[in-house]
1. Please report the accessible area of ARG226 (heavy atoms, 1.4 Å probe, ligands and nucleic acids excluded) in Å², nearest 10.
2. Of LEU111, LEU135, LEU39, LEU14, which has the most accessible area and how do the rest follow, probe 1.4 Å?
3. Work out how far the C-alpha atoms of the chain reach from end to end along every principal axis, then list the three figures in whole Å, largest first.
4. Could you tell me the calculated FRET efficiency between ARG91 and ASN122, based on Cβ-Cβ distance and R0 = 22 angstrom, to the nearest 0.05?
5. Given the whole protein assembly as supplied and a 1.4 Å probe, what does the accessible area of ILE141 come to in Å², nearest 10?
6. From the convex hull of the Cα coordinates of the range 165-209, what is the mean projected area in square nanometres?
7. Pick from PRO47, PRO90, PRO103 the residue whose mean-square fluctuation is largest in a GNM of the chain, springs joining Cα atoms under 10 Å.
8. Report the gain in length on full extension from LEU235 to GLN219: 0.36 nm times residue separation, minus Cα-Cα distance, nm rounded to one decimal.
Amino acid sequence: EGALNLPLGDMAALRAAASYVKHDGYMSDGTSDQDDLSLRLSLRLEPSDSVDITVVGDYFRGRGLGTGSTIISNNGGRFTLDDRVGLGDPRAQAVYASTYVFPAGNTLRGLPTNMQFVHNDNFGISATINVETSLGQLTFIPAYRNNDGASVTFSPGFYIAEQSSNDQFSAELRLASDDSARFGYILGAYYFDDAGDTPVFNTNSQYNASFQSFDYSSQSYAGFARLNYNVTEDLTLTLGGRYTS
């Protein structure tokens with residue numbers, strides 16, 4: 001990991017940060033590994049004494065085989081957690097082949113060893129804009145985030161495949177007075193929009209399978225306020241409220 005701070009004249013500064021983590025799987029079949037890359041770029045602007053702006057963009061990439069698991073039972077189990085025998089290990093496959101399941105009327109089938117993976121990409125951008133006015137500090141915070149992911153895993157002991165994407169947008173606007181004054185306030189509004197699409201969500205527990213696709217969306221609006229009255233230096237009365245739809 002590393003970071004670099006760069007001044008850009010008297011009114012601006014830039015910060016770049018990055019992190020990379022990679023290791024082999026902790027389980028014997030290669031699962032519980034990690035291959036993650038994170039990037040962040042931040043820009044700070046102060047065009048005047050009464051205005052400051054911060055813009056941040058970030059990106060995350062996740063790869064690998066994903067979370068692994070092992071087979072245990074209440075009486076000590078075929079393997080212990082310390083053995084780290086993954087489900088794709090031939091020793092675990094032999095347990096599956098010898099396990100009888102009544103609803104299926106047969107023993108379990110071994111799990112495929114070359115299908116599990118994780119492929120995630122996420123990015124976002126947000127800003128915080130502060131403006132000092134005669135009524136107090138006016139703050140505006142817009143933000144956007146996108147998530148795209150695909151994975152196949154056997155970590156619960158059965159097959160799960162998912163492919164999904166999600167987009168989120170939010171914005172907050174608030175006005176905050178100086179709390180040191182006799183009468184103070186915070187007034188604000190908030191908006192949130194979320195939409196997602198999951199074209200693939202499949203599960204197969206060998207005797208019960210489900211194949212789904214769906215999308216979803218939600219919107220939220222909110223208004224809030226907080227009023228302060230400093231009766232004395234030691235006593236403050238506060239009234240606050242929020243409404244969300």
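The values are calculated or read from the model by the stated rules, or taken from the named source; none is laboratory data. As the structure is a prediction and not an experimental result, all values here were calculated from the model. Neighbour counts are summed over all protein chains in view; Cβ atoms, including those assigned to glycine, are modelled from backbone coordinates with ideal geometry. In case anyone asks, the SASA skips ligands and DNA or RNA and just uses the protein heavy atoms, side chains included. Shrake-Rupley method; radii C 1.70, N 1.55, O 1.52, S 1.80 Å.
1. Counting only protein heavy atoms, ARG226 exposes about 80 Å² to solvent.
2. Sorted by accessible area, descending: LEU135, LEU39, LEU14, LEU111.
3. 76, 43, 39
4. 0.05
5. Surface accessible to solvent at ILE141 totals approximately 50 Å².
6. 6.1
7. Comparing PRO47, PRO90, PRO103 in the GNM, the peak value goes to PRO103.
8. 1.8 nm
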